[in-house]
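S.K.: Below is one structure. I have some questions about it.
The values are calculated or read from the model by the stated rules, or taken from the named source; none is laboratory data. Quick caveat, the model's predicted, so the values are computed rather than measured. In this analysis, Cβ positions are derived from the backbone assuming ideal geometry, glycine residues included, and neighbour counts consider all displayed protein chains.
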Amino acid sequence: MSRTGSLIREVDQWSAHNYHPLPVVIERGEGCWVWDVDGNKYLDMLSAYSAVNQGHRHPRIVSALMEQAERLTLTSRAFHNDQMGAFLHQLCELVGYPKALPMNTGAEAVETAIKAVRKWGYLVKGVAPEAAEIIVCDNNFHGRTTTIVGFSSEEQYRSGFGPFTPGFKLIPYGDIDALAATITKNTVGFLVEPLQGEGGVVVPRVGYLREAASLCREADVKFMADEIQTGLGRTGRMLACDWEDVRPDVVMLGKALGGGVYPVSAALADEEVMNVFTPGDHGSTFGGNPLGAAVGRASLDVIVEEKLAERAEELGSWFMGELTAIGSPHVAEVRGRGLMIGVVIAEPSGTARPFCEALMERGILAKETHEQVVRFAPPLVITREILEEALESIREVLLSDAR
């Protein structure tokens, strides 16, 4: 019996069955490579949903983690620590905001942004009590809390978890006319992913983000960009919104902010929004802890100094072209931006899962999303040479019938 089979059975026995992972058990990683418990080597083409943009166990990030762990790991926000201020200073200057509120997970960052914008709506915009509305998009994915799944359009995310928080309105993604028609005097925010990752790597038409931000500005509505997956270099820019020179009123970051070694997230905004918080309004025992802050600082250093956004743009453009050139009869579309790429499997050819399983057998770990899409999102430290080698196996799989 292989160790893989034994370990998977152990998980099946003791874990809630809330995931459907590929049947591989990873025990070690380095750069863009991982190894399973049976000694097999794989190319990681998922990057833990963009949390490993800097590659597995980047030496600089691991060193920061270990050095800080030797000194101080947690104080809670009852006391100051010597890392949080420097981390937020660095983050705010890099992304271009005067204030940030540190949290741990992406969902926490989204919840923070929702609370901030709602309170801004009441205190600053003058919306009547309990009447604030936030507009969201079909096919969205902003996390798994009960508030967030309550405004999902995915029935499975909602089923059995109600009743849900009111105050959200769903509109079609990419539809500027729908946004204009839905804004009212009670609208305080428009929460949107500049590129929908979990929704199937859906890229809006050029100009949509710019037009949406303009509409929000005219209506005194906060444009809220969830850049948890798309931010920090993934799409070929520091923020995906940078592709259209859009500066959101509120930005949510996470995943790669922790460098693949520790959960770190943050919501960033101008003072008009952030100053609505007073002591006791919002918080987190672990948010802004010294260990996470030290990791965040090193993670940002790596992204900037190794020019990972520039690498993502260059390699992503070339890789998308190569995937399209395969000309597979099983592929309906190749779409994406930077190194966030979705290969849409034509429905007559089945779902994306068998193609991901066939890739795994050839040493490439990718994962299906929304049934029909194979997502390719390798660590941004990957090289063209590695991708060229991987293309041989990808071409073989996409040209075969994986059903």
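S.K.: Give just the number: which of (1) assigned by TED's automatic domain parsing to the domain that holds GLN196; (2) part of a helix (DSSP H, G or I); (3) without any contact (Cβ under 8 Å) to a residue 12 or more places away in the chain does GLY292 not satisfy?
M.R.: With (1) assigned by TED's automatic domain parsing to the domain that holds GLN196; (2) part of a helix (DSSP H, G or I); (3) without any contact (Cβ under 8 Å) to a residue 12 or more places away in the chain applied to GLY292, the lone miss is (3).
S.K.: Considering only residues that are under 20 Å from PRO129 (Cβ atoms), touching a residue at least 24 places away in the same chain (Cβ under 8 Å) and not in a strand (DSSP E or B), which ones fall in segment 160-181?
M.R.: GLY167
S.K.: Would you tally the residues in segment 317-361 being within 17 Å of ASP401 (Cβ to Cβ), small (Gly, Ala, Ser) and in contact with an Asp or Glu (Cβ under 6 Å, 6 or more places away or on another chain)?
M.R.: 1
S.K.: Within segment 196-253, restricting attention to residues that are of a type in the set (S, T, N, Q) and touching a strand residue (DSSP E or B) at 6+ places or on another chain (Cβ under 6 Å), which residue is farthest from GLY55 (Cα to Cα)?
M.R.: Across segment 196-253, the extreme among qualifying residues is GLN196.
S.K.: (1) surrounded by 12 or more Cβ atoms within 10 Å (Cβ to Cβ); (2) farther than 20 Å from VAL295 by Cα: which one isn't true of ARG77, the others all being true?
M.R.: Of everything listed in (1) surrounded by 12 or more Cβ atoms within 10 Å (Cβ to Cβ); (2) farther than 20 Å from VAL295 by Cα, ARG77 misses just condition (2).
S.K.: Every residue in segment 160-189 that is closer than 29 Å to LYS367 by Cβ and surrounded by 15 or more Cβ atoms within 10 Å (Cβ to Cβ), please.
M.R.: PHE164, PHE168, LEU170, ILE171, TYR173, GLY174, ASP175
S.K.: With assigned to a helix (DSSP H, G or I) and either over 24 Å from the mean Cα position of the chain (by Cα) or at positive phi (or both) as the only criterion, which of VAL124, VAL117 stands out?
M.R.: Among VAL124, VAL117, only VAL124 is assigned to a helix (DSSP H, G or I) and either over 24 Å from the mean Cα position of the chain (by Cα) or at positive phi (or both).
S.K.: Additional query: If you take the residues of segment 127-156 that are touching an Asp or Glu at 6+ places or on another chain (Cβ under 7 Å) and not in a helix (DSSP H, G or I), which of them is farthest from GLY292 (Cα to Cα)?
M.R.: Among those that are touching an Asp or Glu at 6+ places or on another chain (Cβ under 7 Å) and not in a helix (DSSP H, G or I), it is SER153.
S.K.: For segment 175-189, check the following and say yes or no: at least one residue is touching a strand residue (DSSP E or B) at 6+ places or on another chain (Cβ under 9 Å) and closer than 23 Å to SER50 by Cα.
M.R.: Checked segment 175-189: no residue is touching a strand residue (DSSP E or B) at 6+ places or on another chain (Cβ under 9 Å) and closer than 23 Å to SER50 by Cα.
S.K.: May I pose another question? Could you tell me how many of the residues in segment 248-269 are at positive phi and either surrounded by fewer than 24 Cβ atoms within 10 Å (Cβ to Cβ) or hydrophobic (A, V, I, L, M, F, W, C) (or both)?
M.R.: Matching residues across segment 248-269 total 1.
S.K.: A further question follows. Is there any pair linking a residue in segment 213-227 that is more than 7 Å from PRO248 (Cβ to Cβ) to one that is in a strand (DSSP E or B) and of a type in the set (D, E, K, R), with Cβ under 7 Å and at least six apart or on different chains, and which?
M.R.: Partner pairs satisfying both residue conditions: CYS216/LYS222.
S.K.: Here's a follow-up. Can you tell me how many residues within segment 153-168 are farther than 16 Å from GLU198 by Cα, touching a strand residue (DSSP E or B) at 6+ places or on another chain (Cβ under 7 Å) and not hydrophobic (A, V, I, L, M, F, W, C)?
M.R.: Counting residues in segment 153-168 that are farther than 16 Å from GLU198 by Cα, touching a strand residue (DSSP E or B) at 6+ places or on another chain (Cβ under 7 Å) and not hydrophobic (A, V, I, L, M, F, W, C) gives 1.
S.K.: Residues that are assigned to a helix (DSSP H, G or I), in contact with a helix residue (DSSP H, G or I) (Cβ under 9 Å, 6 or more places away or on another chain) and not assigned by TED's automatic domain parsing to the domain that holds ARG375: does segment 218-230 have at least one?
M.R.: Yes: segment 218-230 contains one or more residues that are assigned to a helix (DSSP H, G or I), in contact with a helix residue (DSSP H, G or I) (Cβ under 9 Å, 6 or more places away or on another chain) and not assigned by TED's automatic domain parsing to the domain that holds ARG375.
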